[in-house]
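Below is one structure, written out as structure tokens; the observations come after it.
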Amino acid sequence: MSQPQTAITPTRDADFPEWYQQVVKAADLAENSDVRGCMVIKPWGYGIWEAMQRGLDGMFKATGHKNAYFPLFIPLSYMAKEAQHVEGFAKECAVVTHHRLESDGKGGLRPAPSAELAEPLVVRPTSETIIGATYAKWVQSYRDLPILINQWANVVRWEMRPRVFLRTAEFLWQEGHTAHETKAEAVAETEQMLGVYATFARDWLALPVFTGEKSAGERFPGAEQTLCIEAMVQDRKAIQAGTSHFLGQNFAKASGIEFLSRENKKEFAWTTSWGVSTRLIGTVIMAHGDDDGLILPPRIAPAHVVILPIVPKPDMRDSVFAACDALAAQLRATIFAGEPIRVEVDKRDLTGGVKSWEWIKKGVPVRVEIGPRDLEKGTVAFARRDRGHKEKTFPTNAELLASIATTLQEIHDTLLARATTLRDTHTVKIETREDFVKFFTAKDDSKISGGFALAHWDGTAETETEIKEQLKVTIRCIPADAPAEDGPCVWSGKPSKRRVLFAKSY
RNA sequence: CGGGGCGUAGCUUAGCUUGGUAGAGCGCCUGGUUUGGGACCAGGAGGUCGCAGGUUCAAAUCCUGUCGCCCCGACCA
């Protein structure tokens with residue numbers, strides 16, 4: 001039977017959103033559940049999340065944070081404490097109103113009217129309010145500050161149009177919540193954590209990102225300042241990969257986080273919050289995947305290496321399996337990026353081609369085949385996911401063991417270089433409204449247009465809104481390293497002090 | 001919540017216009033031949049056609065209602 005040219009149909013060029021869905025399926029990452037908008041994350045997908053957690057958690061600890069856990073439920077009245085915040089989240093909250101079920105008399109169940117809660121509970125869309133209320137009890141003196149806490153949790157936002165990993169009703173994330181004595185300290189914390197995210201994106205996800213500040217229109221509800229990292233994926237759209245918010249004293253005032261200062265005066269604390277979510281998995285898929293499926297940056301791959309035993313005759317099975325297990329053990333004793341190499345030996349009784357293609361689609365960085373011919377020669381067949389699927393080399397076991405860590409690092413570097421080239425190729429300075437419109441208008445059926453535009457903005461919400469409505473283009477961020485530069489706004493022609501980053505986004 | 005589309009086996013679907021009691025491909029199971037890039041042969045399991053009502057001798061097919069899902073918008077990590 002003839003196979004298609006690529007493992008994934010359609011290709012990225014033909015239909016990028018559909019390609020994405022097919023990769024999620026082919027790589028066995030996740031599936032939609034019976035609950036609309038909620039996903040089942042399967043072992044391979046969850047393994048990626050676990051690797052991301054390890055990486056981030058280490059970086060949080062290294063910057064002085066500790067993990068804790070706060071309740072899933074938030075009293076309704078807490079949500080109302082911060083005006084901007086409630087306005088931003090009210091429309092997408094799941095609310096618990098009852099605590100018992102009873103028979104409906106028709107063989108089904110219903111919430112018992114007698115068990116209605118005095119105060120409804122909101123399933124957390126984010127935890128600023130409940131954590132703020134807790135911190136208020138913990139803080140009395142400047143000596144109680146700073147509080148540097150992170151929690152790994154799930155949150156619920158009742159999204160109208162869900163998409164696996166990118167936008168689901170329930171998602172997994174981490175949310176850091178800190179409280180500080182001074183504004184300067186809180187601002188420094190906000191910037192520090194954005195830096196952590198940018199480093200993590202580069203060193204673990206092989207993603208170059210723009211860092212910067214959101215415009216007022218794109219800011220987190222209740223924040224004074226929202227910083228973000230923005231990545232470009234292969235359809236040249238932007239995706240917000242992480243955010244860090246300076247919350248000023250807004251939430252401290254709303255929650256009553258007050259302390260006696262060194263001058264013996266009552267003062268409100270300065271707070272921050274910062275988070276990344278399982279959306280990062282979707283970002284990695286779209287940034288690095290190809291028409292044969294997922295390609296995983298090694299540091300977040302649940303398995304770095306898969307070993308495929310080749311067993312032409314049943315009587316060779318034991319010796320080939322033994323050789324595979326022996327090599328796996330040696331690989332596991334080798335260190336890559338500070339962790340033992342993760343190896344899987346795929347002993348399932350399937351034909352070689354099927355197994356190979358499964359692992360290609362799953363994006364495992366390195367595939368190793370061991371058959372009887374290799375046993376005789378002491379070699380293996382070796383293939384890397386960042387190269388063509390027919391490109392094989394035949395190193396000896398010793399050569400493989402000596403080079404594997406370097407190879408994995410090379411794969412990471414290759415992915416980062418590719419993603420950087422993609423981003424740089426499609427990030428352009430634009431001066432005129434005509435060019436701006438042209439840049440964001442698709443030229444053919446692919447629907448892929450533009451990329452990132454660095455252009456002058458007059459700083460008004462009116463201009464921002466007009467651009468959003470007419471072109472579906474938003475200000476992704478005001479880049480942190482943008483130099484002061486006078487010029488006319490690309491839309492209104494009014495004077496501008498510096499360029500901002502425009503793009504279509506997820 | 002507006003506009004469009006669709007519900008038939010685990011998945012993709014044919015059949016519906018013109019009613020006669022369900023077929024295929026993939027997947028799955030068993031046996032055998034295979035296995036260094038998506039194998040083949042033989043046999044087998046699996047469906048109250050989303051749900052409820054109506055018309056009819058007879059409904060996957062026609063009618064009404066209802067539920068769910070998908071796509072496009074508004075919202076968003």
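The values are calculated or read from the model by the stated rules, or taken from the named source; none is laboratory data. For clarity, every value in this text was computed on a predicted model and none was experimentally measured. Ideal geometry is used to build each Cβ from the backbone, glycine not excepted, and the neighbour counts take in all protein chains shown. Each accessible area value is taken on the protein alone, full model and side chains, heavy atoms only, with ligands, DNA and RNA left out. Shrake-Rupley method; radii C 1.70, N 1.55, O 1.52, S 1.80 Å.
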inquiry  = Looking only at segment A:143-173, filter to residues that are buried (at least 19 other Cβ atoms within 10 Å of the Cβ) and closer than 30 Å to A:Arg262 by Cβ; which one of those is farthest from the chain's Cα centre (by Cα)?
reply    = A:Leu145
task = State the number of residues belonging to segment A:28-42 that are more than 17 Å from the chain's Cα centre (by Cα) and modelled with pLDDT of 90 or more.
result = 1
ask   = Could you list, in sequence order, the residues of segment A:362-379 that are near RNA strand B (Cβ under 6 Å from one of its atoms) and in a loop (DSSP other than H, G, I, E, B)?
value = A:Gly371
message = Filter segment A:289-315 down to the residues that are within 9 Å of RNA strand B (Cβ to nearest atom), touching a strand residue (DSSP E or B) at 6+ places or on another chain (Cβ under 9 Å) and open to solvent by 50 Å² or more (accessible area, probe 1.4 Å) and list them by number.
response = A:Ile310
ask   = Pick from A:Arg423, A:Arg385: which is within 14 Å of RNA strand B (Cβ to nearest atom) and under 32 Å from the mean Cα position of the chain (by Cα)?
value = A:Arg385
request  = Might you check whether a residue that is in contact (Cβ under 8 Å) with a residue 12 or more places away in the chain, buried (at least 20 other Cβ atoms within 10 Å of the Cβ) and over 20 Å from the mean Cα position of the chain (by Cα) occurs anywhere in segment A:330-340?
outcome  = yes
The lone exception for A:Arg476 - which of (1) crowded, with 18+ Cβ neighbours inside 10 Å; (2) away from RNA strand B (no atom under 16 Å from the Cβ); (3) farther than 30 Å from A:Lys362 by Cα it fails = (2)
ask   = Where in segment A:185-264 are the strands (runs of 3 or more DSSP E), entirely inside, with at least 2 residues that are within 16 Å of RNA strand B (Cβ to nearest atom) and either open to solvent by less than 10 Å² (accessible area, probe 1.4 Å) or free of Cβ contacts under 8 Å to residues at least 24 places away in the same chain (or both)?
value = A:225-232, A:238-246
remark   = Just one listed residue, out of A:Glu410, A:Glu391, is farther than 18 Å from A:Gln330 by Cα, charged (D, E, K, R) and more than 15 Å from RNA strand B (Cβ to nearest atom), and it is A:Glu410
request  = Tell me, yes or no, whether segment A:162-174 has at least one residue that is free of Cβ contacts under 8 Å to residues at least 24 places away in the same chain and within 16 Å of RNA strand B (Cβ to nearest atom).
outcome  = no
request  = For segment A:14-21, state whether one or more residues are touching a Leu at 6+ places or on another chain (Cβ under 9 Å) and assigned by TED's automatic domain parsing to the domain that holds A:Ile149.
outcome  = yes
message = Looking at A:Glu485, A:Glu469, can you tell me which residue is exposed (fewer than 15 other Cβ atoms within 10 Å of the Cβ), more than 20 Å from A:Arg236 (Cα to Cα), without any contact (Cβ under 8 Å) to a residue 40 or more places away in the chain and not aliphatic (A, V, I, L, M)?
response = A:Glu485
note = Filtering strands (runs of 3 or more DSSP E) wholly in segment A:102-169 for at least 2 residues that are within 19 Å of A:Ser277 (Cβ to Cβ) gives A:116-123, A:147-156
query = Which residues, taken from segment A:1-60, are under 17 Å from A:Trp359 (Cα atoms), away from RNA strand B (no atom under 13 Å from the Cβ) and surrounded by 15 or more Cβ atoms within 10 Å (Cβ to Cβ)?
reply = A:Leu29, A:Trp44, A:Gly45, A:Tyr46, A:Gly47, A:Ile48
query = A:Pro120 passes all but one of (1) over 26 Å from A:Leu145 (Cα atoms); (2) open to solvent by 40 Å² or more (accessible area, probe 1.4 Å); (3) more than 28 Å from the chain's Cα centre (by Cα); which number fails?
reply = (2)
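Listed here are the residues, each with its yes/no results for (1) farther than 28 Å from A:Trp173 by Cα; (2) touching an Asp or Glu at 6+ places or on another chain (Cβ under 9 Å); (3) within 16 Å of RNA strand B (Cβ to nearest atom).
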residue	(1), (2), (3)
A:Glu87	no, no, yes
A:Val95	no, no, yes
A:Arg100	yes, no, no
A:Asp104	yes, no, yes
A:Leu109	yes, yes, yes
A:Ala112	yes, yes, no
A:Ala115	yes, yes, no
A:Val122	no, no, yes
A:Ser127	no, yes, yes
query = If you check A:Thr97 against the conditions, is it of a type in the set (Val, Ile, Thr) and within 21 Å of A:Val35 (Cα to Cα)?
reply = yes
task = Considering only segment A:265-275, state which residues are surrounded by 14 or more Cβ atoms within 10 Å (Cβ to Cβ), more than 16 Å from RNA strand B (Cβ to nearest atom) and in a strand (DSSP E or B).
result = A:Glu267, A:Phe268, A:Trp270, A:Thr271
request  = Kindly indicate whether A:Asp349 is of a type in the set (D, E, K, R), part of a helix (DSSP H, G or I), over 16 Å from A:Leu294 (Cβ atoms) and over 28 Å from the mean Cα position of the chain (by Cα).
outcome  = no
inquiry  = Residue under question is A:Glu358, and the condition is that it be within 14 Å of RNA strand B (Cβ to nearest atom) and either among the small types (Gly, Ala, Ser) or part of a strand (DSSP E or B) (or both); does it hold?
reply    = no
remark   = Within segment A:382-403, the residues that are in contact (Cβ under 8 Å) with a residue 60 or more places away in the chain and outside any helix (DSSP H, G or I) are A:Arg385, A:Asp386, A:His389
message = Can you report the number of residues in segment A:91-106 which are open to solvent by 60 Å² or more (accessible area, probe 1.4 Å) and aliphatic (A, V, I, L, M)?
response = 2
ask   = Residues A:Glu92, A:Glu102: which one is in contact (Cβ under 8 Å) with a residue 24 or more places away in the chain and among the acidic types (Asp, Glu)?
value = A:Glu92
